[in-house]
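Undergrad: What follows is a single structure, and I will ask about it in a moment.
The values are calculated or read from the model by the stated rules, or taken from the named source; none is laboratory data. All values derive from a computational prediction rather than experimental measurement. FYI the Cβ positions are ideal-geometry reconstructions off the backbone, even for glycines, and counts take in every protein chain you see.
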Amino acid sequence: MAHPDPTLDLSPAQWRAIDEKRKTAWIGADILITGGLVCARDLSIDGKVDGTIEVGDHRLTIGAGAEIKADLVARSVSINGNVIGNVTAREKVELKETASVEGNIQAPRFSMADGAIVQGRVETAKKV
C-alpha cells in the first residue's frame, strides 16, 4: 500500500493499522475530561472522564486503566476498566474480566467475564 509520504518505510500491515486507528478516536491515559463528551465515531478511552459520554451509533471501548464517572450511551460498549454510571447500548454490552460497573446496564445483549463486577441492575429484555 503506497502512502503519500515515501520517506515513511512501513509495511502494508502497518499502514492498515494506522488507517484503523484513524477510524477510532482515542482518549489516552494521561487525559482527564470533565463535562459532556460526544463523539461521531468509534471511541476508545484509557483516561478519566467525569460527565457524560455519547457516541451515537458507534462502539465505545473503556480501557483497563480507565476511570469513568459518567453515563454511557452507544451502539455497543466494551468495558475493561471502572465505570460509575449507567450504561445504555442499542446492541450489546460486554464486561471483560477487569471491568467494574457501579450503575444500571440496559442492552438487548449482555456478556460478563469471570472477575467482572456489577453493582446495579442489568436489563436485557428489550431493544434500547
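Undergrad: In the stretch 87-109, which residues are surrounded by 22 or more Cβ atoms within 10 Å (Cβ to Cβ) and either touching a Phe, Trp or Tyr at 6+ places or on another chain (Cβ under 6 Å) or farther than 18 Å from Thr124 by Cβ (or both)?
TA: The answer is Val93, and nothing else.
Undergrad: What's the total number of residues in the stretch 89-128 that are outside any strand (DSSP E or B), under 25 Å from Gly65 (Cβ atoms) and among the polar types (S, T, N, Q)? First the steps, then the outcome.
TA: Filtering the stretch 89-128 for residues outside any strand (DSSP E or B) gives 96-99, 103-104, 107-108, 113-116, 120-121, 124-128.
Now drop any that are not under 25 Å from Gly65 (Cβ atoms), which leaves 96-99, 103-104, 107, 113-116, 120.
Within this subset, residues satisfying the condition of being among the polar types (S, T, N, Q) are 98, 104.
The number of residues fulfilling the criteria is 2.
Undergrad: Another one. Does any residue of the stretch 67-81 turn out to be crowded, with 18+ Cβ neighbours inside 10 Å, hydrophobic (A, V, I, L, M, F, W, C) and part of a loop (DSSP other than H, G, I, E, B)?
TA: Within the stretch 67-81 (the criterion being crowded, with 18+ Cβ neighbours inside 10 Å, hydrophobic (A, V, I, L, M, F, W, C) and part of a loop (DSSP other than H, G, I, E, B)), the answer is no, since none of the residues qualifies.
Undergrad: Within the set of pairs 6 or more residues apart or between chains, which connect a residue that is within 20 Å of Lys92 (Cβ to Cβ) and among the small types (Gly, Ala, Ser) inside the stretch 47-68 to a residue that is modelled with pLDDT of 95 or more and in a strand (DSSP E or B) with Cβ atoms less than 6 Å apart?
TA: Listed by first residue and then by second, the contacts come to Ala66/Ile45.
Undergrad: I'd like to know if the stretch 6-15 contains one or more residues that are free of Cβ contacts under 8 Å to residues at least 60 places away in the same chain, polar (S, T, N, Q) and either buried (at least 17 other Cβ atoms within 10 Å of the Cβ) or touching a His at 6+ places or on another chain (Cβ under 8 Å) (or both).
TA: Step one: of the stretch 6-15, the residues free of Cβ contacts under 8 Å to residues at least 60 places away in the same chain are 6-15.
Now drop any that are not polar (S, T, N, Q), which leaves 7, 11, 14.
With either buried (at least 17 other Cβ atoms within 10 Å of the Cβ) or touching a His at 6+ places or on another chain (Cβ under 8 Å) (or both) added as a condition, the list becomes none.
No, the stretch 6-15 contains no residue that is free of Cβ contacts under 8 Å to residues at least 60 places away in the same chain, polar (S, T, N, Q) and either buried (at least 17 other Cβ atoms within 10 Å of the Cβ) or touching a His at 6+ places or on another chain (Cβ under 8 Å) (or both).
Undergrad: Among the residues of the stretch 38-64, write down those that are more than 10 Å from the chain's Cα centre (by Cα) and within 20 Å of Gln119 (Cβ to Cβ).
TA: Result: Lys48, Val49, Asp50, Thr52, Ala64.
Undergrad: Could you tell me whether any residue of the stretch 40-54 is surrounded by fewer than 18 Cβ atoms within 10 Å (Cβ to Cβ), at pLDDT below 90 and acidic (Asp, Glu)?
TA: no
Undergrad: Next question. Of the residues Val122, Val118, Val101, which single one is of a type outside the set (Gly, Ala, Ser) and under 16 Å from the mean Cα position of the chain (by Cα)?
TA: Numbers: Val122 fails: under 16 Å from the mean Cα position of the chain (by Cα); Val118 fails: under 16 Å from the mean Cα position of the chain (by Cα).
It is Val101.
Undergrad: Give the residue, chosen from Ile33, Ile27, Ile84, Ile18, that is under 15 Å from the mean Cα position of the chain (by Cα), modelled with pLDDT under 95, among the aliphatic types (A, V, I, L, M) and surrounded by fewer than 20 Cβ atoms within 10 Å (Cβ to Cβ). Spell out the reasoning first.
TA: Values: Ile27 fails: surrounded by fewer than 20 Cβ atoms within 10 Å (Cβ to Cβ); Ile84 fails: modelled with pLDDT under 95; Ile18 fails: under 15 Å from the mean Cα position of the chain (by Cα).
None of the other options fit; the residue is Ile33.
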